[in-house]
Amino acid sequence: MAKAGRKPIDFNDNAELLGELDTYLSSLKYLKANDKRCIQFYKEFAGGEVPKEDQKWLLALRRDMLAQRKRDALLKEISAKEYVSELEMLAWQLSQNDDRDSFFNLQKVLDLLLSKKNEKQTFNTKKKELERKIYEQEKKQVSKAKMENQKKFFLGGLLLKLHKQLEPKQTELEFLRTLLEGYGVMSPFPYDKTWLLRDLLRELADDPRCPDEYIEELYPDS
């Protein structure tokens, strides 16, 4: 007696499907473990029968391909909308980023939107969990940048405090040179250190945030 259900997919002598999957693989910028297994399969496959183990990976790849087509179609619809929900706006924002985390977070958001019609009871829970995860990732990045800025403010404040207490008659940059000379970085001049420091000072002078009063001092004498 034949089993009910969909007809199983046969990859043997199915050049069209194999080619379609190969094209899909080539379009991927970020790879999952199964994608890498399938890429290895195509590198070694010389035609003929496809081993059962490899067919399992190819079936998973086909599911991903079909799911990605639905995501792409949904994202296209969202982009054409005049008014969008918060979750749809999040999907659009993630689609503008070019990094691995954003790519896979976008997939999750679009999958959540696609499942909304069929999973009304669990939709809000999944939405909150996903938003929390993305928020934590963004918070981590912001915290890292904030810590770097705190270091810069602290070191800058320390330099100004030392300048005020030790050499108040010098300008800030003259005092910086005095400190560097004291550590032998600027005097006597090792050849490589000299040019490295001069290049660095010129880069600082070109920074649009650099105060006008510092620009001339940031160009050391040739």
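Rule-based calculations on the coordinates, nothing more; no lab input. Keep in mind that this is a model prediction, so the values were computed, not measured. Cβ coordinates were reconstructed from backbone atoms using ideal geometry, including for glycine residues, and neighbour counts include every protein chain displayed.
Here are the numbers for the structure shown:
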item	result
Cα→Cβ-extended label distance, 7 Å offset, between Leu179 and Tyr135, nm	4.0
Hz values of 3J(HN,Hα) by residue in region 80-88 - Karplus curve (6.51, -1.76, 1.60), Gly and Pro given as x	8, 6, 8, 10, 10, 7, 4, 5, 5
Rg followed by Dmax, in Å, when region 32-129 is reduced to its Cα trace	16.8, 51
Förster radius 41 Å - calculated FRET efficiency between Ala73 and Ala46 (Cβ-Cβ, nearest 0.05)	0.70
Where labels lie 7 Å past Cα in the beta-carbon direction, separation of Glu82 and Thr23 in nm	3.6
Separation of the Arg100 and Leu160 label points, Cα + 7 Å toward Cβ, nm	4.1
Whole-Hz couplings from phi, Karplus 6.51/-1.76/1.60, listed for region 22-32; x for Gly and Pro	5, 5, 4, 4, 5, 7, 7, 8, 10, 10, 9
